[in-house]
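Here's the structure, in C-alpha cells; my notes come after.
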Amino acid sequence: MKTLYDVQQLLKNFGIFVYVGKRLWDIELMALELDHLHKAGVITDPVFIKAKLILTREHSFEEKHQNEMTGF
C-alpha cells in the first residue's frame, strides 16, 4: 500500500465507499473509517499504521495545496 488509491481499495474491500466531494474531507472520512475498522479488529496494526501514514501525508499535501490556492 503506497497511495491514497490503495487506501480507497482497502476500504472498498469492507464495503466502504467514500466520496464527499472535497478531497480533504474524503481523506478525513477515510481516516475515521480506518479507525473504526482497526477498533473492530478487522485490520492489523501494520495495515492500519501504513494506511494512516498515507492519509496523513495526503492530508498535509492537500492542506498545503489549498493554502497556496487561497494565498495563505
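Bear in mind these aren't lab numbers, they're just calculated from the coordinates by the rules spelled out. Please read these numbers as outputs of a predicted model, since none were measured by experiment. Positions of Cβ are backbone-derived with ideal geometry, glycine not excepted, and every protein chain shown enters the neighbour counts.
Points worth noting:
- Restricting attention to region 14-53, the residues being surrounded by 13 or more Cβ atoms within 10 Å (Cβ to Cβ) and in contact with an Asp or Glu (Cβ under 7 Å, 6 or more places away or on another chain) number 5.
- Checked against the criteria, LYS22 counts as closer than 27 Å to ASN67 by Cα and basic (Lys, Arg).
- Here VAL7 meets each of (1) touching a residue at least 40 places away in the same chain (Cβ under 8 Å); (2) surrounded by fewer than 10 Cβ atoms within 10 Å (Cβ to Cβ) with one exception, condition (2).
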